[in-house]
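My structure is below; once you've seen it, I'll send some questions.
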Amino acid sequence: QQQQQQHHHHNQVSVYYNGGCCFENDDQPHTIETSNSPSSSSSLCGGVNILATYADSGLACVIECAVGRGTAILSGVHAEYLSSLMGMYIREEEQAVRRQLQKTEADRVTFFRALLRRLHIIGKEEEEE
C-alpha cells in the first residue's frame with residue numbers, strides 16, 4: 001500500500017506503507033503541533049520529536065528520540081523503499097500504488113536523506129550528490 005505522509009516541511013510525499021504503526025501521545029491523543037522550520041520538529045512527549053505524520057489522520061508516523069548518547073528514528077512507513085523495487089509482475093491495484101509512489105519519488109528521497117542526516121549517517125555534501 002502507499003500512504004501519504006507529511007514531514008516537518010509540511011510537504012506531502014507518498015511512501016510505501018504496509019500496515020505500519022502510528023505513535024500517539026497518551027497525555028494529548030491526536031494533538032500535534034508542527035513547525036515550518038526544517039531544522040526543528042514538534043514534541044510528542046519527553047524528548048520525542050515528530051518528524052512525519054499521516055496526512056489522513058494527523059497521527060505521527062515517524063518519530064525521533066534520544067537513546068543513551070545517540071538518537072533513534074522509529075517509522076511506521078518505509079521511507080527507504082524505492083518504487084522501482086515493485087516488480088513488473090504485480091497485480092493491477094499494486095500498479096496504481098507504484099504509479100503514485102513514482103510521482104513523489106524525488107520528495108521521498110529528499111525526506112529519507114533528511115532522516116539520515118538527523119542520524120549523522122550522511123552529511124549535507126553527500127546529500128547533494
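The values are calculated or read from the model by the stated rules, or taken from the named source; none is laboratory data. In this text the structure is predicted, and so the values were computed from the model without any measurement. No Cβ is skipped: glycine too gets one built from the backbone with ideal geometry, and neighbour counts run over all protein chains shown. Quick note on the areas: whole protein, heavy atoms, side chains included, nothing else; ligands and nucleic acids left out. Shrake-Rupley method; radii C 1.70, N 1.55, O 1.52, S 1.80 Å.
What do you reckon, how do H78, H120 stack up by accessible area (1.4 Å probe), largest on top?
Details: H78 75, H120 160 Å².
Correct descending sequence by accessible area is H120, H78.
Provide Rg and Dmax in Å for the stretch 47-118, with only Cα atoms included in the calculation.
14.6, 47
For a Förster distance of 30 Å, can you work out the FRET efficiency between the beta-carbons of Y89 and H120, rounded to the nearest 0.05?
Once the sixth-power term is evaluated, E becomes 0.15.
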